[in-house]
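K.L.:
Dropping the structure in here first, questions after.
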Amino acid sequence: MTNPVSPATVLGPVVLSPGPPIDPARSGDGFVVELEAFSGPLDLLLHLLWEEQIEIADIPISRVADQFLAAIGDLGLNQAADYLEMASRLVRLKAQMLLPRSESEAWEDPRAELVRRLLEYQQTREIAHWMAGAVERRGLRLARGYLPPAPELPPLPLTLDLGDLLFAVERVIAGILHPVLHRVVARPLDVEGATRTLEALLSERGEFLWTAALPARPTVSDVLSLLLALLELARRGACSFLQPASFAPLRIRRESALPAA
Amino acid sequence: MNPLCQLLEAALFAASRPVTAEELVTLDPDATLDEVRAALDELREHYDFDNHGVEVVELAGGYQILSRPAFADAIERAQLTVRASRLTPAMLETLAVIAYRQPVGRAEIEEIRGVSASGVLRTLQERELIEVVGRSEGLGRPLLYGTTPMFLELLGLPDLQNLPRAEELSIALQPPKPEAVGPDDAAAYVPADR
């Protein structure tokens, strides 16, 4: 990473060459890959200068600007703002260099700022290179490295409130890619029909099993309708019911309020 | 070896990080800082003289017993240790800017490197190589970054003074030439003195 450009290596007539960094096989790739090859526009610029053995202090701005633009085009770096910013800077410098200079006034080289930044960056890179070496050397000396694995902690007691729980449910639901939707259809309960059936049975018999009030193949809504009707009639005092044992069928008995047929 | 020397050897062996002389003094209520330093020198010479496989190294403001470089390959081959993941060029360049200019803000780092620095700064912070050391007085009071003892440990340096001085580098920045740059740029021209 040390600077290969020194006054001794500066060639007189510089021949333009496309330079190897612009590998046609790599062009068209995503710019991320290319960004790994160059750590920034200054790096790319230094590379272009090095390719042509150009002294930093005397950059032929016009040519370098053209090359830079060609390079970022070929490298597929068009999306990288950092590179575009440098490109616009170079184009502006190129324009400034074309302006006629008056010999009488003191001329300030518009390239001075760029030269300063390039030198500064080059120095930074040299330090980075030294640091990489230091890290490498340090890596050869090993400290006592063995660290026993951390003991597994017992899980904390679960403390949840309703809010946490609902939040967790929402997260789980949000994580379902294809939510399963159920259409909820209100099944009409025929409480009136069940009441009529019960009243009819009560008028015939003083006592009967609740299954007698159900059709031959009862549906859930039949059972529910019957239950609601039964509760309603019991509330009115028309009947009472009892269950002789657990899970035994209910026995329904007529109360006096309803006159026997 | 004298008893203090043995005590220091035991402590440095037990510690898994560089230990400062000030910490080592607390091991023995009768020992002074000078005695501890002398004992550390004796321990180092003892390791060197007898050709031990380990040595006493000054690191990140303290002392640590480390294996000698010659054995690194064999130890790694036997998979007794795991080498830390490498630093990318972007991380190294950013560390270089911070090490020499700390405390330094993100804008200055980006100006020098010519690229956005937020991602690499976060990575370096996660690896505890840099830390926020304050805020600038400038507009928006941006965060200022500095290096950590972990940075010195990683590079194997006793302290920041052991970084190469700017004039030792082959590209030493010259002081500003008044005709070349305006007064606003002059400050940036002066290399950090380390």
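K.L.:
Among the residues of segment A:91-110, which ones are within 15 Å of A:A57 (Cα to Cα) and at pLDDT 80 or above?
P.N.:
The answer is A:L93, and nothing else.
K.L.:
Related question: Provide a single number: the residues in segment B:66-87 that are open to solvent by less than 70 Å² (accessible area, probe 1.4 Å) and more than 8 Å from chain A (Cβ to nearest Cβ).
P.N.:
Residues that pass the stated criteria total 3.
K.L.:
Go through segment A:173-195 and report how many residues are closer than 24 Å to A:A248 by Cα and not hydroxyl-bearing (S, T, Y).
P.N.:
So the count comes out to 2.
K.L.:
Now a separate question. Would you point out the residue of segment A:125-140, among those that are of a type in the set (K, R) and buried (at least 18 other Cβ atoms within 10 Å of the Cβ), that is farthest from the other protein chains (Cβ to nearest Cβ)?
P.N.:
The selected residue is A:R125.
K.L.:
Next question. Is it true that some residue in segment B:140-160 is of a type in the set (D, E, K, R), free of Cβ contacts under 8 Å to residues at least 24 places away in the same chain and within 14 Å of chain A (Cβ to nearest Cβ)?
P.N.:
No, segment B:140-160 has no match at all.
K.L.:
While we're on this one: Could you count how many residues in segment A:204-255 are of a type in the set (G, A, S) and at positive phi?
P.N.:
1
K.L.:
In segment B:138-164, what residues are assigned to a helix (DSSP H, G or I) and not charged (D, E, K, R)?
P.N.:
Once the filter is applied, which keeps residues that are assigned to a helix (DSSP H, G or I) and not charged (D, E, K, R), segment B:138-164 yields B:P149, B:M150, B:F151, B:L152, B:L154, B:L155, B:L160, B:Q161, B:N162.
So that you can scan it fast, the table gives a plain yes or no per residue for (1) over 22 Å from the mean Cα position of the chain (by Cα); (2) without any contact (Cβ under 8 Å) to a residue 60 or more places away in the chain:
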residue: B:T26; (1), (2): yes, yes
residue: B:T32; (1), (2): yes, yes
residue: B:I65; (1), (2): no, yes
residue: B:R77; (1), (2): yes, yes
residue: B:L92; (1), (2): no, yes
residue: B:A96; (1), (2): no, yes
residue: B:A99; (1), (2): no, no
residue: B:E110; (1), (2): yes, yes
residue: B:S116; (1), (2): yes, yes
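K.L.:
With respect to the numbered conditions (1) crowded, with 17+ Cβ neighbours inside 10 Å; (2) outside any helix (DSSP H, G or I), which one is the sole condition not fulfilled by B:L24?
P.N.:
Result: B:L24 passes all but (2).
K.L.:
Then there's this: Which residue, of A:A248, A:A200, is open to solvent by less than 50 Å² (accessible area, probe 1.4 Å) and in a loop (DSSP other than H, G, I, E, B)?
P.N.:
Just a single option satisfies the conditions, and that option is A:A248.
K.L.:
Of everything in segment A:203-226, what is in a loop (DSSP other than H, G, I, E, B) and among the aliphatic types (A, V, I, L, M)? Give them in sequence order.
P.N.:
Answer for segment A:203-226, where residues must be in a loop (DSSP other than H, G, I, E, B) and among the aliphatic types (A, V, I, L, M): A:L214, A:A216.
K.L.:
For segment B:123-137, state whether one or more residues are assigned to a helix (DSSP H, G or I), of a type in the set (V, I, T), touching a helix residue (DSSP H, G or I) at 6+ places or on another chain (Cβ under 6 Å) and modelled with pLDDT of 85 or more.
P.N.:
no
K.L.:
Hey, among the residues in segment B:116-139 that are surrounded by fewer than 20 Cβ atoms within 10 Å (Cβ to Cβ) and closer than 23 Å to B:P18 by Cα, which one's nearest to the other protein chains (Cβ to nearest Cβ)?
P.N.:
Here the answer is B:R127.
K.L.:
For A:A194, state whether it is hydrophobic (A, V, I, L, M, F, W, C) and outside any loop (DSSP other than H, G, I, E, B).
P.N.:
yes
K.L.:
Being more than 8 Å from every other protein chain (Cβ to nearest Cβ) and surrounded by fewer than 14 Cβ atoms within 10 Å (Cβ to Cβ) is the requirement here; does B:P18 meet it?
P.N.:
Taking the combined requirement at face value, the residue does not satisfy it.
K.L.:
Let me ask another. Given the options B:Y100, B:Y63, name the one that is of a type in the set (S, T, Y), surrounded by 15 or more Cβ atoms within 10 Å (Cβ to Cβ) and at the interface with chain A (Cβ under 7 Å from one of its Cβ atoms).
P.N.:
B:Y100
Conditions tested, residue by residue: (1) at pLDDT 90 or above; (2) closer than 24 Å to A:Q122 by Cβ; (3) of a type outside the set (A, V, I, L, M, F, W, C).
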position	(1), (2), (3)
B:R83	no, no, yes
B:Q102	no, yes, yes
B:E110	no, yes, yes
B:L139	no, no, no
B:E167	no, yes, yes
B:E179	no, yes, yes
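The values are calculated or read from the model by the stated rules, or taken from the named source; none is laboratory data. In this text the structure is predicted, and so the values were computed from the model without any measurement. So basically every Cβ, Gly included, is an ideal-geometry build from the backbone, and we count neighbours across all protein chains shown. Ligands, DNA and RNA are excluded from the accessible area calculation, which covers all protein heavy atoms including side chains. Shrake-Rupley method; radii C 1.70, N 1.55, O 1.52, S 1.80 Å.
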